[in-house]
Amino acid sequence: MLKESPLNPSHAISRRLVGAGDFFLEPLQKGQTLRIVDVEGNQAADTLFYNLADIAERYSAVDTVRTQGNIYLEAGTRLISTEGRVMLEITADTVGRHDTLGGACASESNTVRYDLEKRHMHSCRDNWMLALAINEKYGLTKRDITHNINFFMNVPVTPEGGLDFDDGLSGPGKYVEMRAEMDVLVLISNCPQLNNPCSGYNPTPIEILIWDIA
Amino acid sequence: MGVRAAQRNPAEAQKIEAAEKQKSFGSFLQKRTFFLPWFNAMTHYKTHLPGGKHWSFTMRSGSTLRLTDIEGNGNAGMLLYNPQNLLERYNAPDTLKCQHTFHLTKGHCLYSDMGRVLCAVIDDDLGWHDTVCGTTTRAMIDDKWGKLTYQQALNDFRQSGQEAFLVEALKYGLSRRDMAANVNWFSKVVADDSGNLTYVPNHSQPGNSLTLRFEMDTLVLLHTCPHPLNPSETYPSQPIEIEIAAAPPESADACKTSAPENGRGFANNAIYHQHTAHTC
């Protein structure tokens, strides 16, 4: 379901461009709205959320897809925590479908998927590791790196049980927007993957906008 | 030399791994059982877990775990960790994406987040096991089937999958932060072209089984709590039979060659075992 946002970017309290292969780690207060813009198109934003008051409670891909009875995220999807609570709700989306099954690229999974000699290539999971390492104040470690959302990514599943990585449905300027239903910590890796079409073999920037409580 | 060769050449990696397996605990026991028949009892352990219960154990590299759904309609929730480094654990998304699959069955490998094969599905009667629907919480059990406490029902009290995992996890220093997307053996949930999920009832028949061959030492957290989408009106409580045995060295070969990705996964295992002396 495509749904445009009524929010005006000029009213946002924060706008930040995140380059390909860089991370975004910031708190988002209950009631605030976060927009991720696929600035040049065909990008993937690998995203995790934590309850700011109890980081052991975090976004759960499996609880989210099971609760809504559908594997794709779109406008209206409620992002469910490991405790079964609504963390955020997707309030606008001009893409139509986002993945939460495919997980994040990693040095280690790159060796399996592509070649053992690609282990040195930059990846979302290494990007998150650095984000956590230089932001010790949040108390997050590798054990907190879990099963994420891939905004803008298209990972169709077939009724026969196959799973594929297709060219994205996203395009330049398309965005997804979500409102926090609790105070959360947002961790995003702007995907640096060069080995598959999820970034169009050419990773590009994303923009993060935040609006205060309406 | 071995590692460099393994990096260059998957065939070399397989040779290293085969040599490694000759030294492994499983084949050690197997060779010696010929001379020491009474040892056989120690290489094979069979038990069962009643419905709605939990257990944990460490599988040695080169051993097999066979699960059998004794009465049908069972569910076995599973999480896996490397006991030498608990931060390395089963990663459902990595497992699914590298094998281009939404389900698990014979020929598939279960991957850790470190690009290694924890275990391979070497036998399976069912053709489909779920790993995308998570497990039941206390609230879900109480809402769906009604609360039944230990005081009311003694050991027939209704446990949730999440609590079952946590009880076992705490025994190894793991906690809520270490929970992950689990496997639900014996359960099938399909997605249609629009992504809508449907639980397939009566998927597992009495006596259906699957066998995992472990490719590295692995801590297994196991529960027999119901699948969260099981529509049964009464709390499903199906027992699962558990058999642990030593495995023939070549038993996972079909999984190794089922996809080029798995060849590379096994090569990662060979490199790992080459550099650590923990296989026996």
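The values are calculated or read from the model by the stated rules, or taken from the named source; none is laboratory data. Keep in mind the model is a prediction, meaning the values are calculated, not measured. Cβ atoms come from the backbone with ideal geometry, glycine included; neighbour counts cover every protein chain shown.
Data table
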{"item": "Filtered residues of the stretch B:118-135 (kept if more than 9 Å from chain A (Cβ to nearest Cβ) and β-branched (Val, Ile, Thr))", "result": "B:Val121, B:Ile122"}
{"item": "First in the stretch B:168-197 and more than 9 Å from B:Leu79 (Cβ to Cβ) and more than 7 Å from chain A (Cβ to nearest Cβ), second anywhere and of a type in the set (Ser, Thr, Tyr) and assigned to a loop (DSSP other than H, G, I, E, B), Cβ under 6 Å, 6 or more apart", "result": "B:Phe186/B:Ser204"}
{"item": "For A:Pro159: the one exception among (1) out of contact with any helix residue (DSSP H, G or I) (no Cβ under 9 Å at 6 or more places or on another chain); (2) surrounded by 15 or more Cβ atoms within 10 Å (Cβ to Cβ)", "result": "(2)"}
{"item": "Answer residue from the stretch A:152-190, given it is touching a residue at least 12 places away in the same chain (Cβ under 8 Å) and of a type in the set (Gly, Ala, Ser) and is farthest from A:Gln32 (Cα to Cα) among those", "result": "A:Gly168"}
{"item": "Any hit, the stretch A:191-214, residues being in contact with a Pro (Cβ under 7 Å, 6 or more places away or on another chain), away from chain B (no Cβ under 14 Å), in contact (Cβ under 8 Å) with a residue 24 or more places away in the chain and closer than 23 Å to A:Leu7 by Cβ", "result": "yes"}
{"item": "Of all residues making up the stretch B:80-113, the number that are of a type in the set (A, V, I, L, M, F, W, C), in contact (Cβ under 8 Å) with a residue 40 or more places away in the chain and within 12 Å of chain A (Cβ to nearest Cβ)", "result": "6"}
{"item": "Answer residue from the stretch A:43-52, given it is in a loop (DSSP other than H, G, I, E, B) and crowded, with 22+ Cβ neighbours inside 10 Å and is nearest to the other protein chains (Cβ to nearest Cβ) among those", "result": "A:Ala44"}
{"item": "Search result, residues across the stretch B:244-278 that are more than 14 Å from chain A (Cβ to nearest Cβ), in contact with a helix residue (DSSP H, G or I) (Cβ under 6 Å, 6 or more places away or on another chain) and either over 15 Å from B:Arg60 (Cα atoms) or modelled with pLDDT under 90 (or both)", "result": "B:Ala247, B:Pro249"}
{"item": "The one condition in (1) out of contact with any strand residue (DSSP E or B) (no Cβ under 7 Å at 6 or more places or on another chain); (2) surrounded by fewer than 18 Cβ atoms within 10 Å (Cβ to Cβ) that A:Lys30 fails to fulfil", "result": "(1)"}
{"item": "Number of positions in the stretch A:131-156 that are surrounded by fewer than 16 Cβ atoms within 10 Å (Cβ to Cβ) and not aliphatic (A, V, I, L, M)", "result": "6"}
{"item": "Enumeration of residues in the stretch A:58-87 that are buried (at least 17 other Cβ atoms within 10 Å of the Cβ), small (Gly, Ala, Ser), more than 9 Å from chain B (Cβ to nearest Cβ) and under 30 Å from A:Pro197 (Cβ atoms)", "result": "A:Ala75"}
{"item": "The lone exception for A:Ile55 - which of (1) part of a strand (DSSP E or B); (2) surrounded by 24 or more Cβ atoms within 10 Å (Cβ to Cβ) it fails", "result": "(2)"}
{"item": "Top-ranked residue of the stretch B:198-227 - restricted to ones that are among the aliphatic types (A, V, I, L, M) and either in a loop (DSSP other than H, G, I, E, B) or out of contact with any His (no Cβ under 8 Å at 6 or more places or on another chain) (or both), ranked as nearest to the other protein chains (Cβ to nearest Cβ)", "result": "B:Val200"}
{"item": "Some residue of the stretch A:93-101 being surrounded by 24 or more Cβ atoms within 10 Å (Cβ to Cβ), more than 10 Å from chain B (Cβ to nearest Cβ), assigned to a strand (DSSP E or B) and at pLDDT 95 or above", "result": "yes"}
{"item": "Within the stretch B:193-243, tally of residues that are touching a helix residue (DSSP H, G or I) at 6+ places or on another chain (Cβ under 8 Å) and under 18 Å from B:Leu110 (Cα atoms)", "result": "6"}
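This table checks each residue for (1) assigned to a loop (DSSP other than H, G, I, E, B); (2) surrounded by fewer than 16 Cβ atoms within 10 Å (Cβ to Cβ); (3) in contact with a His (Cβ under 8 Å, 6 or more places away or on another chain).
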| site | (1), (2), (3) |
| --- | --- |
| B:Gly107 | yes, no, no |
| B:Leu148 | yes, no, no |
| B:Leu154 | no, yes, no |
| B:Glu168 | no, no, yes |
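Table: residues versus (1) at pLDDT 95 or above; (2) more than 17 Å from B:Met140 (Cα to Cα); (3) hydrophobic (A, V, I, L, M, F, W, C).
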residue: A:Val37; (1), (2), (3): yes, yes, yes
residue: A:Thr47; (1), (2), (3): yes, yes, no
residue: A:Asp54; (1), (2), (3): yes, yes, no
residue: A:Val65; (1), (2), (3): yes, no, yes
residue: A:Gly69; (1), (2), (3): yes, no, no
residue: A:Leu73; (1), (2), (3): yes, yes, yes
residue: A:Ser81; (1), (2), (3): yes, no, no
residue: A:Arg85; (1), (2), (3): yes, no, no
residue: A:Leu88; (1), (2), (3): yes, yes, yes
